[in-house]
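Asker: One structure, as structure tokens, below. Some questions next.
What follows is calculated from the coordinates using simple rules that are stated; it is not laboratory data. Computed from a predicted structure; not experimentally measured. Here the Cβ is made from the backbone with ideal geometry for all residues, glycine too, and neighbour counts use every protein chain on show.
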Amino acid sequence: MARLSFKNFFPSSLMVTGAVFLACALFSLFFSASSYAHSVFVFAYPQGDEICTESYFSKEVRVRQSTIHMLDASGKELAQGTTDDNGNYCFKAPPGDGDLTFVVDAGVGHKGEFIYRTSERNAPGSGS
């Protein structure tokens, strides 16, 4: 009687291909999770006569003591500041209606950007 083995069902070339595929899949999974962990997020919202920002890597990890810039629609820097230990910083709202861009530099090449639209600045109930 012939002895059944794993090799009878799967040729060695298929086993090697499967092993390479599995290795690539695990590698991709590991590095995609790692790159997400280093993503920087910024959010801006009106608060009276200021526009406040929140900067974070995740809900639990804030961008602390990092430089944040406020730029006009042409890319000209209007102001800059430093986030607090909670990742927050508030700018005095500039006059005018143009869109604003907020850029936080979290170090080692990690930057986050948020575009604050004119329509959000002037919307009813926006706090301005």
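Asker: With labels modelled as points extended 7 Å from the Cα through the Cβ direction, what inter-label distance (nm, one decimal) is found for T118 paired with E50?
Answerer: Using points 7 Å along Cα→Cβ, the separation is 2.6 nm.
Asker: Now a separate question. Please state the relative contact order of region 39-121 as a whole percent: Cα pairs under 8 Å, 6+ residues apart?
Answerer: Details: 192 pairs, mean separation 27.0, N = 83.
Here the relative contact order equals 33 percent.
Asker: Continuing with this model, one more query. All other residues with a Cβ under 10 Å from the Cβ of D85 taken together, and with Lys, Arg as +1 and Asp, Glu as -1, what is their net charge?
Answerer: Numbers: positive: R62, R64; negative: D84.
Local charge sum for D85: +1.
Asker: Further, regarding this structure: Starting from the Cα of F43, move 7 Å in the Cα-to-Cβ direction to define the label point; list residues of region 68-86 whose amide nitrogen is under 18 Å from there.
Answerer: Only 83-86 fall inside the zone, counting backbone N under 18 Å.
Asker: Also, quick follow-up: What does the extension gain come out to for D97 and H110, with contour length at 0.36 nm per residue minus their alpha carbon separation? Can you show the working numbers first?
Answerer: Values: separation 13, 0.36 × 13 = 4.68 nm, distance 2.92 nm.
Extra length available between D97 and H110 comes to 1.8 nm.
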